[in-house]
Amino acid sequence: GWRTVYAFSVHPKGSVDPAADNQDGQWVNAQFESADATYIEWYHIVEGKLKAWYQAKGDFTFSE
C-alpha cells in the first residue's frame, strides 16, 4: 500500500516579476511511499482547479 509521509500547502506571494503566473492560488506539496518507491508531488490549485502537477519518483525508501 501507500503511506503519506507529509502534505502541506502554501499561498505564494512576493514575486517582483509581473509575468509570474505561479503566484496565484496555492501550491500543495506531498510525499508518498510504497514498498519500492518514493513519490514527491506538487499541485498548483487556482480557483479550485488543478493548473499544474509535477511528480518526481525515486526508487528508494526510508526505514523508520
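In table form, for the structure just shown:
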read-out: Subset tally (residues that are exposed (fewer than 13 other Cβ atoms within 10 Å of the Cβ) and assigned to a strand (DSSP E or B)) for region 6-44; value: 6
read-out: Region 45-64: number of residues that are in contact with an Asp or Glu (Cβ under 9 Å, 6 or more places away or on another chain), surrounded by fewer than 12 Cβ atoms within 10 Å (Cβ to Cβ) and in a strand (DSSP E or B); value: 4
read-out: Counted residues, region 30-62 - those being closer than 18 Å to Val5 by Cα, of a type outside the set (Ser, Thr, Tyr) and either free of Cβ contacts under 8 Å to residues at least 24 places away in the same chain or in contact with a Pro (Cβ under 6 Å, 6 or more places away or on another chain) (or both); value: 9
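Coordinate-derived values only; no laboratory data. Being a predicted model, the structure only gives us computed values, none of them experimental. Note: ideal-geometry Cβ built from the backbone for every residue, glycine included; neighbour counts use all protein chains shown.
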